[in-house]
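Note sheet for the following structure.
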Amino acid sequence: MTKLPDTDKVTLMTFAGNFRYATWLGCVLSGISTVIGLLPYVYMWLAVKTAITQWPDVYTTGKLVRYGWLAVGTSLLSMLIYLVALLCTHLSAFRTARNMKTVALHHLAKLPVGYIRSLGSGKIRRIIDDGTGQTEAYLAHQLPDYAGAIVTPAAVLFLLFFFDWRFGLISLLPMAVGVYFLSRMMGPGMAESMKQYQNALEDMNNEAVEYVRGIPVVKTFQQSIFSFKNFHESILRYRDWAVKYTLSLRIPMCAYTVSINGIFAFLLPAGLLLAGEAAAGASGLNVVLDLIFYILFTPVCVTMMDKIMFTSEHTLQAKEALARIMGIVNQQPFKEPAKPKHPKDASIEFKDVTFSYEDHTIPAVNHVSFRMPEGAVYALVGPSGGGKTTTASLISRFYDVDQGSILVGGVDVREIGTEELMRRVSFVFQDSHLFKASLLDNIRAARPEASSEEVERAVKAACCEDIIQKFPEGLHTVVGTKGVYLSGGECQRIALARAILKDAPIVVLDEATAFADPDNEYQIQKAFETLVKGKTVLMIAHRLSTVCKADQILVMSQGQVAEAGTHDELLEMQGLYAKMWKDYQTSVSWKVGEKS
């Protein structure tokens, strides 16, 4: 679709493009259908009136049959026009939902990885997938119904006062009471409640995704849902909000329902009084006939009020969904340099770097400085939460630093074009994910133009041949379908093949062997030899045996470099690293004791 206008001018119709005319046409047709849909009630009343006033010669004039066919015909015509209206609105709604997803996902691809991580995959799916689903349902169904509900009152008022203004006025009194209680429920507080509702759903969705990913751990240690504290708390928060909100609407909702469904309680006594006053004869009969019309017709008023109520709620939901999607679209990507500079080599230097996550007062990285020459192998170790992963993430500009600078090849990463920076850095995460695509496409994602021969060489270098050979379709096996699943260690090896194929001069390894069994770890270590050959390597590891041969080991604690040196130098310091090494040696040498 075309470029979006200014943020404050974006509406659902903006995403509909030229299909917005189909939406307007659908709404107009829905309004026409609604008005025509009132005529069958008139013809049914005329048929009843004819049957009563012309009995027993009711069939002589043919009016009864004519009114019957007119009732049927107008009903069918109303349904046909409404069907065409829905065809128009559905066509526009599907295009609008597609455009919203396309714009949101394309923009999401431009945003820094840090922003995507901060949202979480569950929340992103909820905002984009469920949000566009809500707007699609609103445009396809609720909006044309709302158009009909808006047109209906004028026609309803005309008919209510056309036959007998006294019955019309009596019918309007309960509706006026219903409108009052409806305004109580749909007032300004409704928008804030809808925002809180969406927040609760997004948090629960995000935590649910994390919980599902952690099910293997939960099952292994025979824990319950309560062991996953965040998910459990998100469910409780949603429960508390839903109960509180429901209780707050209990009285106005009951009053609204009773009032709009209680029209009969006013009509029948009024009809008896008016009929009694008119006494016997034609005047009394006319009052009874008018009463019959209002008894037949007033249920339409109830339906109209319900449509207005539910459509108002869906309108708020659609507006909130659009606002959340626009929250992503309005998020600004990192500014590209006007004149991009090119690094002269693959060295890395941190100069007094400080970085804090949003809404966090304590820096995750605090005045960190070090320099990695081209071709050097550095390791980041330290206790959990010390800032290792954050430090590594800053190299690829997943986040922008608050203070200081990071140089790659002597150039500040903020002065390097995003595409070039991404080409120069390969990242192997501890929890690598594979797409629901063929193994060939998963590996080729690092370099889409790579030939099949280059992919096969990367597979061999990453020691993935045994993985490929166990599937009949080899590299063309689609992951995630027909029972094709890989273990954590196998996923890591495929991710390494991807990194090898990319052949970037800088490699960042973030706990790349974290989920590997001994056999897969051995294969991964062999693949490392190919991956890191001639590269500048920064590795994060908890298994200290994997970093003993690093050119330099940086020990991070509380966001700072507490110690730095080679393995032997750090042991001589008798500091934090020496303690970690002692604890590590104790853990790997631990054995289950035999009974004496």
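Only the coordinates and a few stated rules stand behind these numbers; no lab work does. Bear in mind the structure is a predicted one, so any value in this text is a computation, not a measurement. All Cβ positions, glycine included, derive from the backbone under ideal geometry; neighbour counts span all protein chains shown.
Summary table below
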quantity: Dipole magnitude of the stretch 348-589, debye to nearest 20 (Cβ charges: Lys/Arg +1, Asp/Glu -1, about Cα centre); calculated: 340
quantity: Residue order, fewest to most surrounding Cβ atoms within 10 angstrom, among LYS63, LYS110; calculated: LYS110, LYS63
quantity: Sequence ranges 379-386, 75-82, ranked by mean other-Cβ count within 10 angstrom, highest first; calculated: 379-386, 75-82
quantity: Cα lying deepest toward the dipole's positive end in the chain, options ALA321, VAL151, THR50, charges on Cβ; calculated: THR50
quantity: Extension reserve of the GLU313-ARG237 stretch, reckoned as 0.36 nm per residue once the Cα distance is removed; calculated: 25.2 nm
quantity: Alpha-carbon centroid distance for the pair the stretch 517-580 / the stretch 354-417, whole angstrom; calculated: 17
quantity: From the coordinates shown, Rg and Dmax of the Cα atoms in Å corresponds to which of [x] 25.5, 82; [y] 25.1, 78; [z] 35.0, 117; calculated: [z]
quantity: Around MET580: net Lys/Arg minus Asp/Glu count, Cβ-Cβ under 13 Å; calculated: +2
quantity: Sorted by Cβ neighbour density within 10 Å, fewest at the top, the residues LEU571, LEU439, LEU159; calculated: LEU571, LEU159, LEU439
quantity: Which of GLY474, PHE429, LEU77, positive extreme of dipole for the chain (C-beta unit charges); calculated: LEU77
quantity: Residues with amide H under 5 Å from that of ALA562, placed H, sequence gap 5 or more; calculated: VAL555, MET556, SER557
quantity: Cross-link pairs beyond the 31 Å C-alpha cut-off, checked among LYS101/LYS533; LYS319/LYS339; LYS123/LYS339; LYS123/LYS436; LYS341/LYS535; calculated: LYS101/LYS533; LYS319/LYS339; LYS123/LYS339
quantity: Rough spin-label spacing in nm, given labels placed 7 Å along Cα→Cβ, for THR354 and GLN196; calculated: 3.8
quantity: DSSP H segments from the chain that extend 27 Å or more along their own axis, Cα-based, with Kyte-Doolittle mean of -0.5 or above; calculated: 63-110, 143-163, 165-185, 282-329
quantity: Residue order, fewest to most surrounding Cβ atoms within 10 angstrom, among ASP352, ASP164, ASP568; calculated: ASP568, ASP352, ASP164
quantity: Packing-based order for 488-500, 398-410, 238-250, using average beta carbon neighbours within 10 Å, highest first; calculated: 488-500, 398-410, 238-250
